[in-house]
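Contents: one structure, followed by commentary.
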Amino acid sequence: MLVAGLIAFGVLIGLVSPAQAALPSWPNVKIGANGPIVLSAQHLLRHRGYNIAADGDFGSGTQAAVKQFQSANGLSSDGEIGPNTWPKLVVSVQRGNNSEAVRAAQVQLNRYGYGLSVDGDFGGGTYNAAVAFQSSHGLSADGEVGPNTWQALVGGTPSSGGGSYSLPLARSALPRSEYDDPHHDYPAIDLPVSYVPAYAMVSGTAYRLSEPNGCGNGLRIVKSGVDYLYCHLSAYSVANGAAVRAGDRVATTGNTGNSTGPHLHIAIKISGTSYCPQNFLLAIYDGRTPPAPSSLPRTGCFY
Ligand SMILES: [Zn+2]
């Protein structure tokens, strides 16, 4: 009572740190909801041992897990994730962690346009994104996603939609040094992976293409007149003409077309002209906003 009174007094006369922005309210999510908030909650439940699908749809399985979690934590088991349940559900994560809770944080950071691969690996890109988010939201910029940062992420509303990016491969698939290599004949890059998931680098419209003597089974993701091209795929995860969001799985890499071994060929083209994708990919890897494709070099990235 006394403490509450002192805090109220502090707020009244402005003694509470002015650098600390007011945190948004925790959202209330329940059965029937869907989207990235639900998806993060599912990853957090999985982190805590509940074997549910992380599909972004709050169905009966998620509701049952929430009720169990609430019972086990002395909460009213109403199956809704609201202001009492969120603080007990979130998990502090930091650089070096590799977990479902990190995936939950990456999903949230991507709501704000950081374009991380949701791979559960809290590396440099996720750290940079966390620091950037904290800095722009009046939080202590320590790069650790703790209770306040979780509340700001989950309860907040991104100020600008879109602008989201993702690596075309899971972050754990390749080291940074593979994203700056030149291509062997024209502006593009070959990423040396076997048969692994490929993800949309940007949000746009996906078109399949077939070039048996070239790209093989290819996929173009078109956004604002720019083609983001994927080649040599072994399988598609999206229909021709599908709307995709950055980070969506779009294909499995492979060895189709003019290819001497499995790899992912990536090119960025505007009106048929190829631009060097290296700086674009490195920026995403580093958690920076990538340069505009039209500003990318058209020489120097091949031999
Ligand atoms: Zn190539």
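Ranking request for peptides 131-144, 288-301, 95-108: highest mean number of other beta-carbon atoms within 10 Å first, then the rest in descending order.
95-108, 131-144, 288-301
Hey, can you find the accessible area per residue of the range 219-303 for me, probe 1.4 Å, expressed in square angstrom?
On the way: 3630 Å² over 85 residues.
Result: 43 Å² per residue.
Keeping to pairs on different chains or 8 or more places apart, tell me how many lysine pairs in the chain have Cα atoms under 24 Å apart. Write out the running numbers ahead of the final one.
Working: LYS30/LYS67; LYS30/LYS88; LYS67/LYS88; LYS223/LYS269.
Step by step, the pairs that qualify in the chain add up to 4.
With each run of n ≥ 4 DSSP H residues scored as -39500 (n - 2.57), what mean residue ellipticity at 222 nm is computed for the chain after dividing by its residue count and rounding to the nearest 500 deg cm²/dmol? Mind showing how you got there, number by number?
On the way: 8 runs with 85 residues, N = 303.
Per the formula, -8500 deg cm²/dmol.
Pop out the carbon and sulfur fraction of the accessible area of the chain as a percent, whole number, probe 1.4 Å. Write down the numbers at each step before the final one.
Values: 6930 of 13720 Å².
Accessible surface attributable to carbon and sulfur in the chain totals 50 percent.
If you take the square roots of the eigenvalues of the alpha-carbon gyration tensor of the chain and sort them as a ≥ b ≥ c, do you get rounded (a/c under 1.5), prolate (a/b over b/c) or oblate? Write down the numbers at each step before the final one.
Details: a/c = 2.63, a/b = 1.80, b/c = 1.46.
Prolate is the answer for the chain, as a/c is 1.5 or above and a/b outweighs b/c.
Once both axes come from the Cα atoms, what is the angle between helix 124-136 and the longest principal axis of the chain, in degrees from 0 to 90, rounded to 10?
Between the helix axis and the principal axis of the chain, the angle is about 50 degrees.
Would you pull out the residues with amide H under 5 Å of THR253's amide H, same chain only if 5 or more places away, H placed 1.01 Å from N?
Under 5 Å from the amide H of THR253 lie the amide H atoms of VAL196, ALA198, SER234, each far enough along the sequence or on another chain.
Take the Cα of LEU209, step 7 Å along the line toward its Cβ, and report every residue of the range 272-295 whose backbone nitrogen sits under 11 Å from that point.
Once the point is set 7 Å along Cα→Cβ of LEU209, 272-274 turn out to lie under 11 Å by backbone N, inside the range 272-295.
Taking the Cα centre as origin and putting +1 on Lys and Arg beta-carbons and -1 on Asp and Glu beta-carbons, what dipole magnitude results for the chain, to the nearest 20 debye? Don't skip to the end; give the middle numbers.
Working: 18 positive and 18 negative charges, 83 e Å.
Using Cβ point charges on Lys, Arg, Asp and Glu, the chain gives about 400 debye.
The values are calculated or read from the model by the stated rules, or taken from the named source; none is laboratory data. These figures come from a predicted structure and were not determined experimentally. Note that we place each Cβ from the backbone using ideal geometry, even for glycine, and neighbour counts take in every protein chain shown. Side chains included, ligands, DNA and RNA excluded: accessible areas come from the protein's heavy atoms. Shrake-Rupley method; radii C 1.70, N 1.55, O 1.52, S 1.80 Å.
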